[in-house]
Amino acid sequence: MLRRALRLGVGRCPLGRGLGTRRGGSTLDWDGKVSDIKKKIQSVLPGGAWNPLYDTSHLPPEHSDVVIVGGGVLGLSVAYWLKRLEKRRGAIQVLVVDRDYTYSHASTVLSVGGIRQQFSLPENIQLSLFSVDFLRNINEYLAVVDDPPLDLQFNPLGYLLLASEKGAAIMENNVKVQRQEGAKVCLMSPEQLRNKFPWINTEGVALASYGLENEGWFDPWCLLQGLRRKVQSMGVRFCHGEVTRFISSSDRMETASGEEVTLKRIHEVHVKMDRSLEYQPVECAIVINAAGAWSGQIAELAGIGKGPPGTLQGTKLPVEPRKRYVYLWHCPQGPGLETPFVTDTSGTYFRREGLGNNYLGGCSPTELSPQEEEPDPGNLEVDHDFFQDKVWPHLAQRVPAFESLKVRSAWAGYYDYNTFDQNGVVGPHPLVVNMYFATGFSGHGLQQAPAVGRAVAEMVLEGHFQTINLSPFLFSRFYLGEKVEERNII
Amino acid sequence: MAAPRAFLHLASSIWKWGPRDIRGLSRTVAPEGSWRKGRALLQFLADHFYDVKALREYLFRKQVLKVHQKNRSFTHIKEQYGPYIAGAYFVLKQGGAVKFQGQEWMQSNGRGRFSLDFFKFQAVPVEAVDASGCAINYQGLDNLLALKELQSLSLQRCPHVDDWCLSRLHQLAGSLQELSLAGCPQVSERGLACLHHLQKLRRLDISDLPAVSNPGLTRILVEEMLPNCEVLGADWAQGLKLGPEEQS
Ligand SMILES: Cc1cc2nc3c(=O)[nH]c(=O)nc-3n(C[C@H](O)[C@H](O)[C@H](O)COP(=O)(O)OP(=O)(O)OC[C@H]3O[C@@H](n4cnc5c(N)ncnc54)[C@H](O)[C@@H]3O)c2cc1C
């Protein structure tokens with residue numbers, strides 16, 4: 001206690017926390033009950049909640065069974081499923097740590113909110129199908145007594161993917177897999193395409209695939225807030241602070257073949273409080289790395305990737321921030337109400353936004369051409385020339401009405417980009433045995449979050465995947481060099 | 001060193017509120033006479049509810065379950081008698097009306113009873129369904145989507161029909177000519193946009209949809225999207241309420 005008090009410096013009274021977190025070894029959880037009763041009494045007494053000397057509500061607890069780093073959609077989804085799948089109410093304590101609850105940089109709220117089943121990997125399709133089911137029944141999953149139902153604003157208008165001659169065969173194959181998995185996708189010839197969407201110029205299009213159900217876009221903020229509200233009501237704790245350090249112990253072991261490996265176990269997470277030098281150690285059994293674009297850094301903090309290259313110890317988590325721009329434009333003569341989420345042969349995408357002939361879209365630089373440079377991820381400034389030079393020409397070529405348009409606004413966000421194979425990383429680390437990943441989804445993390453959260457929770461609670469087998473997405477693939485790539489049609 | 005401790009904690013917290021404590025508590029509370037009954041009740045309450053909130057959560061879940069149950073498909077009927085009979089049975093059971101081709105409208109009486117005469121129409125397609133005010137939801141819609149000759153469908157004032165449901169109607173694109181969604185509280189412009197698949201549609205009623213944010217504009221856009229269809233709904237006055245900026 002003394003050591004801790006010293007470390008935390010002056011200005012904070014350790015006694016103030018005493019009641020809430022000291023644990024007796026007896027069977028009854030008195031501490032929890034007392035603080036509960038206190039809270040109840042305080043809430044009925046006028047002005048009772050104000051206690052300037054001992055207010056420690058901003059501090060994380062000293063112990064939590066599970067600490068989730070990152071309160072974006074993936075982190076919250078893991079929290080939700082952990083609480084939902086726990087065997088008995090209150091069995092696990094879950095703490096979510098995020099350094100920015102305004103979500104000014106979080107990918108979740110800067111995304112364009114699309115959901116599709118048009119992937120080539122069965123796992124991705126299954127994740128997306130599970131998630132769409134979750135979203136459809138969101139008011140059953142995330143219902144909170146006395147709170148209004150959520151309005152997800154789902155636009156069920158489908159994705160329309162266009163393939164050139166080169167990509168047509170792959171597209172046909174992909175659609176076959178998608179249908180096998182139960183997605184409602186149809187193929188269209190250029191002529192059918194012209195009939196259905198007369199505003200499209202089909203030049204250079206050999207084949208199109210179009211999602212008839214369960215695809216479209218929704219409001220990511222609504223999903224995030226809904227999850228937050230729900231997990232809070234389920235007893236998940238939130239803490240505003242940055243994870244700066246992990247304290248772990250290591251065990252040297254020898255494999256059957258005589259190789260020496262070091263197994264690590266994190267037992268404390270240091271959370272640095274916002275705008276202060278104070279930090280709080282949180283003792284924990286399990287850490288979930290859901291820090292999105294920054295999860296590579298979190299992995300490094302845990303010592304992942306610090307070892308001789310080519311070994312498992314030396315294998316980094318290959319997730320880094322990549323800046324992506326989204327532009328919002330107005331075009332009075334643009335396509336109408338039926339406009340789907342269109343992805344062009346060039347990789348450019350757009351969708352309708354609201355009713356006032358507004359559209360939003362963009363393009364990944366590396367999808368245009370591999371030589372294209374990645375923009376500096378140091379800040380979230382928007383490069384407007386990128387639209388003029390790289391996005392607009394493709395748009396105007398595909399939809400002639402877009403030749404005259406006016407950009408109204410733009411923003412940038414970070415992809416949690418997996419440089420290895422652009423797919424998610426799910427499950428535990430083989431060496432840092434109590435760190436679990438839910439990251440690296442590189443542009444489709446939002447739509448898969450509900451399913452990924454469940455998969456991670458199953459891994460934590462049961463030790464294996466149950467609903468969807470995500471073993472291809474385990475960390476070990478980076479060491480083994482086994483890429484699980486989407487077969488893209490561009 | 002702390003790691004095993006943390007694990008211990010995980011384990012110990014599981015036992016903290018073991019059933020033993022609660023049962024012990026209930027025994028002291030229940031009076032001697034009705035000991036058994038009281039114990040059972042308290043046991044039930046303690047097992048299932050932490051507090052009032054949990055009780056209300058439980059009631060909400062029950063409610064949801066009821067809607068789900070009402071929307072179950074009658075697979076055995078479908079297997080035995082085909083989609084038309086199964087669809088008709090579903091609608092009648094929900095309190096709606098159906099019309100087989102060349103037959104009169106059929107409806108259940110006030111007490112939810114209906115004659116099963118229609119089981120002889122196995123080969124006769126259902127051409128119209130009036131499910132006004134029924135508790136149909138996404139799941140239950142399966143029964144209607146199997147009616148491939150359905151020309152007229154009324155889903156007026158259905159509380160559980162939402163945009164997700166509308167996104168499935170493309171399956172009826174081959175036949176549907178008339179559709180009424182009037183008064184559906186959950187239908188918005190986002191779902192209406194999916195109706196572009198229904199190219200045979202001649203009449204569409206979208207009046208009185210509270211979830212549509214801009215009824216006048218939405219009606220214009222729907223009319224543009226379905227040029228061969230007469231669209232009823234939102235009178236123009238609702239369009240006039242727009243500010244000058246939005247109109248331009
Ligand atoms: C422009 C754009 C468009 C997109 N479009 C789509 C789309 O259409 N469909 C789709 O499915 N996906 C899309 N995505 C991808 C999707 O947004 C992400 O995959 C997803 O949001 C990732 O969620 P997350 O919770 O992992 O990350 P985030 O939402 O970024 O959350 C991570 C959180 O971790 C916190 N954090 C980081 N480091 C620390 C630390 N040391 N301590 C404490 N907290 C920390 C951050 O503050 C942040 O809040 C898009 C992304 C972008 C950028």
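The values are calculated or read from the model by the stated rules, or taken from the named source; none is laboratory data. Computed from a prediction, not measured in an experiment: that's the story for all the values here. All Cβ positions, even for glycine, are placed from backbone atoms using ideal geometry, and neighbour counts span all protein chains on display. Keep in mind that these areas ignore ligands, DNA and RNA; they rest on the heavy atoms of the full protein, side chains included. Shrake-Rupley method; radii C 1.70, N 1.55, O 1.52, S 1.80 Å.
Part of a loop (DSSP other than H, G, I, E, B), within 15 Å of the ligand (Cβ to nearest atom) and either open to solvent by 10 Å² or more (accessible area, probe 1.4 Å) or of a type in the set (Asp, Glu) (or both) - does that describe any residue in segment A:450-469?
No, segment A:450-469 contains no residue that is part of a loop (DSSP other than H, G, I, E, B), within 15 Å of the ligand (Cβ to nearest atom) and either open to solvent by 10 Å² or more (accessible area, probe 1.4 Å) or of a type in the set (Asp, Glu) (or both).
Among the strands (runs of 3 or more DSSP E) contained in segment B:94-176, which hold 3 or more residues that are of a type in the set (S, T, N, Q) and out of contact with any helix residue (DSSP H, G or I) (no Cβ under 6 Å at 6 or more places or on another chain)?
none
Out of the residues in segment B:131-187 meeting the condition of being under 14 Å from the mean Cα position of the chain (by Cα) and polar (S, T, N, Q), tell me which one is farthest from B:Gln107 (Cα to Cα).
B:Ser167
Right, B:Asp163: modelled with pLDDT of 95 or more, under 22 Å from B:Lys200 (Cβ atoms), open to solvent by 20 Å² or more (accessible area, probe 1.4 Å) and in the same structural domain as B:Val187 (by TED's automatic domain parsing) or not?
no
Give me the residue from segment A:231-271 that is surrounded by 14 or more Cβ atoms within 10 Å (Cβ to Cβ) and over 29 Å from A:Glu86 (Cα atoms) and, out of that set, farthest from the ligand (Cβ to nearest atom).
It comes out as A:Val261.
Assuming A:Val94 fulfils every condition listed in (1) within 14 Å of chain B (Cβ to nearest Cβ); (2) farther than 17 Å from A:His240 by Cβ apart from one, which condition is it?
Only one criterion is unmet by A:Val94, namely (2).
Which condition number in (1) surrounded by fewer than 20 Cβ atoms within 10 Å (Cβ to Cβ); (2) in a strand (DSSP E or B); (3) within 16 Å of the ligand (Cβ to nearest atom) is the one that A:Leu187 fails?
Condition (3) is where A:Leu187 drops out.
Do the conditions hold for B:Arg190, that is, is it within 9 Å of chain A (Cβ to nearest Cβ) and either in a loop (DSSP other than H, G, I, E, B) or of a type outside the set (A, V, I, L, M, F, W, C) (or both)?
yes
Are there any helices (runs of 4 or more DSSP H) wholly within segment A:78-141 with 2 or more residues that are more than 8 Å from the ligand (Cβ to nearest atom), and if so which?
Output list reads A:122-136, A:138-141.
If a residue has to be touching a helix residue (DSSP H, G or I) at 6+ places or on another chain (Cβ under 6 Å) and within 15 Å of the ligand (Cβ to nearest atom) to count, how many in segment A:428-440 make the cut?
3
Assess whether A:Gln153 counts as being open to solvent by 30 Å² or more (accessible area, probe 1.4 Å), at positive phi, more than 9 Å from the ligand (Cβ to nearest atom) and in contact (Cβ under 8 Å) with a residue 60 or more places away in the chain.
Spelling it out, A:Gln153 is indeed open to solvent by 30 Å² or more (accessible area, probe 1.4 Å), at positive phi, more than 9 Å from the ligand (Cβ to nearest atom) and in contact (Cβ under 8 Å) with a residue 60 or more places away in the chain.
Among the residues of segment B:152-159, is any touching a Ser or Thr at 6+ places or on another chain (Cβ under 7 Å) and of a type in the set (Lys, Arg)?
yes
Being open to solvent by less than 40 Å² (accessible area, probe 1.4 Å) and within 25 Å of A:Arg487 (Cβ to Cβ), is that true of even one residue in segment A:369-380?
Within segment A:369-380, one or more residues are open to solvent by less than 40 Å² (accessible area, probe 1.4 Å) and within 25 Å of A:Arg487 (Cβ to Cβ).
Any residue at all in segment A:169-184 that is within 14 Å of chain B (Cβ to nearest Cβ), surrounded by fewer than 19 Cβ atoms within 10 Å (Cβ to Cβ), of a type in the set (D, E, K, R) and within 25 Å of A:Ser120 (Cβ to Cβ)?
Yes: segment A:169-184 contains one or more residues that are within 14 Å of chain B (Cβ to nearest Cβ), surrounded by fewer than 19 Cβ atoms within 10 Å (Cβ to Cβ), of a type in the set (D, E, K, R) and within 25 Å of A:Ser120 (Cβ to Cβ).
If a residue has to be within 14 Å of chain B (Cβ to nearest Cβ), within 12 Å of the ligand (Cβ to nearest atom) and either assigned to a strand (DSSP E or B) or hydroxyl-bearing (Ser, Thr, Tyr) (or both) to count, how many in segment A:283-306 make the cut?
Number satisfying all stated conditions: 1.
Quick one: which residue in A:Ser107, A:Ser64 is away from chain B (no Cβ under 14 Å), open to solvent by less than 40 Å² (accessible area, probe 1.4 Å) and among the small types (Gly, Ala, Ser)?
A:Ser107
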